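Below is one structure, written out as structure tokens, with a few remarks after it.
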Amino acid sequence: MIDFRPFYQQIATSPLSDWLETLPLQLKEWEKQAHGDYGKWSKIVDFLPDLQAEIIDLKNAVKSDRTFPLSEGEKQRIIHHLKQLMPWRKGPYHLFGIHIDCEWRSDFKWQRVLPHLAPLKDRTILDVGCGSGYHMWRMLGEGAQMVVGIDPTELFLCQFEAVRKLLNNDRRVNLIPLGIEQMQPLAAFDTVFSMGVLYHRKSPLDHLTQLKSQLKKGGELVLETLVVEGDAHTVLVPTDRYAKMKNVYFIPSVEALISWLEKVGFNNVRCVDIAPTTLEEQRKTDWLENESLIDFLDPNDHSRTIEGYQAPTRAVILANK
């Protein structure tokens, strides 16, 4: 099982130290209720070899390598272990010559978001709904001091730990398997990211308030979410599913989203990017057994979902506490 004690030691003398009042007990309870396959997935991480990377690039990719390449047999054994952790959603990863070609080209999103951010150098960062942690490694590549991701999905935790093991077990990045609603208000992070989460929340204003409670005064929120065309009063509430997703509750217009953020007390709220999700950014690969974007769209009109709604378009909103 994954050991969180190094993280406790790490934050004990940091601005996150108050989290130790609740976190260890929460994670003990989480372990009791973890997915039935968690033990199997965590053992796969243990089976991965301890390789020392001589080359690590987190600035331009998530990549590790060494000057003396792996043998084909070594590479195939690692691929065998990593494929037992499928589906791989967010990436890509390039680890010792192995290309984990994930469903999402998350580097596309990062390239859209990064130019607009306050510099991440020396910042303490929270990534809410971080998945397997791709963007956290890119944040570290921009000089962040510490990056903490939260995501309750056990498979994502084990994927993250597998990648971490192939990145020299770097402890500056950590994934905690909880949801933000379980976090006490720490008001300790310089930057908080919430990307691809808001539309999954039954109460979006509560989610925005929870994000605000984790930020230092003056800290920056980076919010990326689905949006629809319309004015400040336009919010799509899907009757059943949206792009085959059953847990989509509210998709606002950009103007409505800005209004929500201002209503919960954020200032300097601005939209910095709007982009449709393309078939190049989200697609089927050998690392994904499930359906992908092409299956979620109207086969005769890719501007609509299979249910007839506006096809996925995502906006990036920045705001300050």
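The values are calculated or read from the model by the stated rules, or taken from the named source; none is laboratory data. Given the structure is predicted, the values throughout are model-derived calculations rather than measurements. Cβ atoms come from the backbone with ideal geometry, glycine included; neighbour counts cover every protein chain shown. Surface accessibility is based on the protein's heavy atoms, side chains included, excluding ligands, DNA and RNA. Shrake-Rupley method; radii C 1.70, N 1.55, O 1.52, S 1.80 Å.
Quick notes on this structure:
- The combined condition, being among the polar types (S, T, N, Q), at positive phi and open to solvent by 40 Å² or more (accessible area, probe 1.4 Å), is not fulfilled by Asn247.
- Any chance Lys217 is modelled with pLDDT of 95 or more, of a type in the set (D, E, K, R) and in contact with a Lys or Arg (Cβ under 7 Å, 6 or more places away or on another chain): yes
- Residues considered: Pro185, Pro252, Pro177, Pro238. Of these, the only one that is over 23 Å from Ser106 (Cα atoms) and open to solvent by less than 20 Å² (accessible area, probe 1.4 Å) is Pro238.
- Residues that are over 16 Å from the mean Cα position of the chain (by Cα) and part of a strand (DSSP E or B) within segment 197-229 comprise Leu215, Lys216, Lys217, Gly218, Gly219, Glu220, listed in sequence order.
- Just so you know, in segment 148-166 the residues that are in contact with a helix residue (DSSP H, G or I) (Cβ under 7 Å, 6 or more places away or on another chain) and touching a residue at least 40 places away in the same chain (Cβ under 8 Å) include one that is nearest to Pro92 (Cα to Cα), and it is Ala162.
- Residue in segment 133-150 that is among the aromatic types (Phe, Trp, Tyr) and over 15 Å from the mean Cα position of the chain (by Cα) present: no
- Contact annotation: residue pairs with Cβ atoms under 6 Å, 6 or more positions apart or on different chains, pairing a residue in segment 298-319 that is farther than 18 Å from Leu257 by Cα and without any contact (Cβ under 8 Å) to a residue 40 or more places away in the chain with a partner that is outside any strand (DSSP E or B) and open to solvent by 10 Å² or more (accessible area, probe 1.4 Å), are Asp298/Ile306; Ser303/Ala311; Arg304/Ala311.
- All positions within segment 268-292 that are among the aliphatic types (A, V, I, L, M) and either surrounded by fewer than 16 Cβ atoms within 10 Å (Cβ to Cβ) or free of Cβ contacts under 8 Å to residues at least 24 places away in the same chain (or both): Val272, Ile274, Ala275, Leu279
- Which numbered condition Met136 misses (of (1) in a helix (DSSP H, G or I); (2) of a type outside the set (Gly, Ala, Ser); (3) open to solvent by 10 Å² or more (accessible area, probe 1.4 Å)): (3)
- Any chance Lys212 is over 21 Å from Trp137 (Cα atoms) and modelled with pLDDT of 95 or more: yes
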